[in-house]
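Read through the structure below, which is laid out as structure tokens, and then see the notes.
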Amino acid sequence: MSEVKDDQYWMKVALAFADKAEAENEIPVGAVVVKDGEMIAAGWNRSITCHDPSAHAEMMAIREAGKVVENYRLIDCTLYVTLEPCPMCAGLLVHSRLSRVVFGASDAKTGAAGSIMNLLQHEKLNHQLEVTSGVLGETCGEKLSAFFKRRRQEIKAAKKLKNGST
């Protein structure tokens with residue numbers, strides 16, 4: 001009997017890739033592309049490491065998936081990502097013809113899958129995706145919150161050192 005892997009399972013896999021981003025001092029966002037119940041690609045934020053503002057987790061995973069299937073169209077594929085896609089990534093997802101996107105934490109600042117706009121299901125675009133939100137959303141959100149809290153503390157400590165304060 002084969003194991004059925006559900007949305008929570010794949011989001012946990014995406015969270016493991018978010019850990020890779022965090023280990024590289026990147027914003028901890030991870031993504032995986034699944035086709036026929038198998039992971040075909042993964043990515044994590046690498047914008048700082050790659051000196052590339054487009055190197056978001058979704059971009060990295062979609063680029064790899066296209067190479068794996070040898071096609072820029074990822075029909076019948078699902079993307080799992082720990083943070084709601086931004087407008088740039090949402091455009092990529094529409095053009096890649098993904099069937100479905102599942103995300104964890106909503107993004108009130110740049111979320112383009114329902115938070116500030118919904119590009120993934122915009123009726124004037126030539127492709128719309130099925131969207132599932134909030135899968136392990138609290139866990140994904142806590143990972144991001146902890147990262148940014150730590151980052152702010154590091155910046156504050158560095159400023160104190162620079163100013164000669166203790």
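Computed from the coordinates by the stated procedures, all read-outs in this text should not be read as laboratory data. Note that the structure is a prediction, hence the values are computed from the model and not measured. Note that we place each Cβ from the backbone using ideal geometry, even for glycine, and neighbour counts take in every protein chain shown.
Whether any residue in the range 128-142 is under 22 Å from E38 (Cβ atoms), charged (D, E, K, R) and not in a loop (DSSP other than H, G, I, E, B) is what I want to check. Yes: the range 128-142 contains one or more residues that are under 22 Å from E38 (Cβ atoms), charged (D, E, K, R) and not in a loop (DSSP other than H, G, I, E, B). Being of a type in the set (V, I, T) and either more than 19 Å from G141 (Cα to Cα) or touching a Leu at 6+ places or on another chain (Cβ under 8 Å) (or both) is a condition met by at least one residue of the range 56-68.
Could you list all residues from the range 52-63 that are of a type in the set (D, E) and either surrounded by 24 or more Cβ atoms within 10 Å (Cβ to Cβ) or farther than 22 Å from N25 by Cα (or both)?
If we filter the range 52-63 for residues that are of a type in the set (D, E), which is where we start, we get 52, 58.
Correct list: E58 only.
Considering G104, G111, the condition of being within 21 Å of I62 (Cβ to Cβ) and assigned to a strand (DSSP E or B) is satisfied by G104 alone. So A108 passes all but one of these: (1) surrounded by fewer than 11 Cβ atoms within 10 Å (Cβ to Cβ); (2) of a type in the set (A, V, I, L, M, F, W, C); (3) on the phi > 0 side of the Ramachandran plot. Which condition number does it fail? Failing condition for A108: (3).
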